[in-house]
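Reviewing the structure listed below.
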Amino acid sequence: MAEDNGIAWLGERWASDRADPLLGDQAGLVFAEGIAPQDLAVVFGAVPWEIPEPVSAEAKAVYDRTHPSAHVPDEPCVAAYGREGDWSFVAGNFDYLIHFREGWALPQGTGRVVLLYNISAKGMYCMLYFEDGRLVWTDEIYGYFDEETQRNGGHYFDYAPEMAFLNWAMHEAGCRPEVRYVDGRPVFENEGWITDWQQRFLKGLEIAFGISVCRETFDGGGYSLAGVYWT
């Protein structure tokens, strides 16, 4: 069996634009409990009649509501989908803005969902969090803290009380730089924290939720690929 690599390694692929064929410009990640991976792919834009696994009627209905045109381009965008443990995932160029469309919904029984996506060449930049099909929180995510937050010992999600339950995991993952103050100015001890904050952030999610995606399987093309149609 392939080794479980967690998900922090995916942050390495998102460090710069086009760093990975599936995680380059306009890519995203979505992790979800309580839903089959093929259904997750379909509700985020994968073409259901091209999926080899059985797709639920509810997932197909979401697709039909959000993709009313039957035309599929000759070369649709591509995303990988699969499952590791209790979590299904979709990674790549899926339709991460689809939640804005009228009629979009997560199928009944879907538990926690974490959606991450980039904006242009900024890398991993925005996050949405759902529980039981309901959007709990959405905002930009940052790889830095201001001086006041550091001085007060703040954690990553102090500004978002509904997400503060993740603070312990983000702390364990080193999402805050070790800082000391000299003449009132911060001096960062681990200087690399800015350049690898995507890995640290994903490590925090890995710790908090037990999410994993096998690097060996991902790189070897062992996860299924889906054509994704952006309307």
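Observations on the structure shown:
- Among THR138, THR217, the sequence by solvent-accessible area, most first, with a 1.4 Å probe is THR138, THR217.
- ARG13 - accessible surface, heavy atoms, 1.4 Å probe, Å² rounded to 10: 40 Å²
- Proximal charge balance of MET127 [Cβ under 9 Å; K/R count +1, D/E count -1]: -2
- The peptide list 162-168, 46-52, put in order of mean Cβ contacts within 10 Å with the highest first, becomes 46-52, 162-168.
- Taking Cβ atoms as reference points and 12 Å as the exclusive limit, the residues near VAL136 contribute a net charge of -2, counting Lys and Arg as +1 and Asp and Glu as -1.
- Global form of segment 75-116, assessed from the alpha-carbon gyration tensor, a/c cut-off 1.5: oblate
- ASP139 long-range amide H proximity, modeled H, under 5 Å: MET127
- Among HIS99, HIS171, HIS67, the sequence by solvent-accessible area, most first, with a 1.4 Å probe is HIS171, HIS99, HIS67.
- Solvent-accessible ranking of ILE207, ILE98, largest area first, probe 1.4 Å: ILE207, ILE98
The values are calculated or read from the model by the stated rules, or taken from the named source; none is laboratory data. Because the structure is predicted, anything quoted here is derived from the model rather than measured. Every residue, glycine as well, gets a Cβ built from its backbone with ideal geometry; the counts of neighbours run over all protein chains shown. To get the accessible areas, we keep the full protein, side chains included, count just its heavy atoms, and leave off ligands, DNA and RNA. Shrake-Rupley method; radii C 1.70, N 1.55, O 1.52, S 1.80 Å.
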